[in-house]
């Protein structure tokens, strides 16, 4: 059977300005990425990439974005992501940068990668903790990662050998 | 696999901005960076100062994301040469030059490019990306540079900032690719602010734009950078008499070792 194959690109939004977190929305990010593709690859690139282009998942607290595009044009998309310089929403413009974390064929692989990545981030936060209460909080969240089928943020309790998928 | 490295972080006078740059680089996954000190001979005669040791500048280095090691900071010197007499500085036995880990040269004319590829004792040859190249690359000096183990460096931050720079960057890069077939390329940023840095995966994708194949682009960020750092180290051992080895635990110890494990490349 002929099936449309997609690629899911997992990125992280990095910025200096704390107010930038508020304006991370799917429309703003989608517009910024499309604009970057248009600037770098022109009309042809923009048209190719926007065949099945959406922002599938967005987390404003951690700045994680999951984009989808067709398998044939994912290279155009990935090569244009470094050129995103600012996010614009509600007439506010904030400088930012996108860091690609993982490119996967399904949402599930990206979810698995994100779980490992967040676990590593939590461990690093644990090192820099100053407060005993914060430590307890982080330890609890690390241990209490429970597998629920419908949520996309929680981890699962497999053993911790994180293989690098990057 | 070799860790990712970014070999060009301009060294400004501000310590705090350097610290934030280092933290951004460590967060993105770079295992090694090089602080770049640029010497331009067009201005009044400048002295080559001793490189500031990174351990003095930064009391605590951030940990690289994804590993548990600290980021490695090297020192690098870039000479912008527009006249053959400027190259004499490299041949002189000035002690300060030897103290830098990596030495790069930025030739402005065709003759200097030829000299840099064939005879000069450098690790990197920078390719101008901010303006149209005044000369065309020719095959003989490029092949000689590849044999000697010299790498060509391309910057990507001007491409991110400005659209005309982007065109010059891509056209210069592609013309270089056509001559050297994608070997011996190093892509680095010249980022002055942490937001201009891009992660190694993104930089490898930029390499695809410049005409590299996917494996060559990944090598441009990892393996070739490691080879450049090793080339810089062999320069230290072959020319110096004392080879200082910093052991990870005892920092102040100096010992003379015969560099049996490092093959010194033949010097011109």
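Read-outs throughout are calculated quantities, based only on the coordinates presented, and are distinct from any laboratory measurement. Here the structure is a predicted model, which is why all the values come from computation and not from measurement. Cβ: placed from backbone, ideal geometry, glycine included. Neighbour counts: every protein chain shown.
If you fit an axis through the alpha-carbon atoms of helix A:107-127 and take the longest principal axis of the Cα set of chain A, what angle between them do you get, 0 to 90°, nearest 10?
In chain A, helix A:107-127 runs at an angle near 50 degrees to the longest axis.
Starting from the Cα of residue B:162, step 7 Å along the direction of its Cβ; do the same at residue B:213; then give the gap between the two resulting points in nm.
Distance between the two pseudo-spin positions: 3.5 nm.
Report, in degrees rounded to the nearest 10, the 0 to 90 angle that the Cα long axis of helix A:26-49 makes with the longest principal axis of chain A.
Long axis of A:26-49 versus the principal axis of chain A: about 40 degrees.
Roughly how tilted is helix A:132-143, in degrees to the nearest 10 and between 0 and 90, from the longest Cα axis of chain A?
So the inclination is approximately 70 degrees.
If you take the square roots of the eigenvalues of the alpha-carbon gyration tensor of region B:78-173 and sort them as a ≥ b ≥ c, do you get rounded (a/c under 1.5), prolate (a/b over b/c) or oblate?
In terms of gyration-tensor shape, prolate.
Grab the beta carbon distance between residue A:134 and residue B:98, set R0 = 56 Å, and tell me the FRET efficiency rounded to 0.05.
Computed FRET efficiency for residue A:134 and residue B:98: 0.75.
Is the shape of chain A rounded, prolate or oblate, going by the alpha carbon gyration tensor and its root eigenvalues a ≥ b ≥ c, with a/c under 1.5 for rounded and a/b larger than b/c for prolate?
oblate
Count the DSSP beta bridges whose two residues both fall in region B:5-236, then state the antiparallel fraction as a percent rounded to the nearest 5.
Around 5 percent of the beta bridges assigned by DSSP in region B:5-236 are antiparallel ones.
What FRET efficiency do you get for residue A:39 and residue A:143 if R0 is 41 Å and r is their Cβ-Cβ distance, rounded to the nearest 0.05?
0.35
Given a Förster distance of 30 Å, report the FRET efficiency between residue A:5 and residue A:31 from their Cβ-Cβ distance, rounded to the nearest 0.05.
In this case the efficiency is close to 0.75.
Would you please classify the overall shape of region A:106-149 from the alpha carbon gyration tensor, given that a ≥ b ≥ c denote the square roots of the eigenvalues, rounded means a/c under 1.5, and beyond that prolate means a/b larger than b/c while oblate covers the rest?
Taking the square roots of the gyration eigenvalues as a ≥ b ≥ c, region A:106-149 is oblate.
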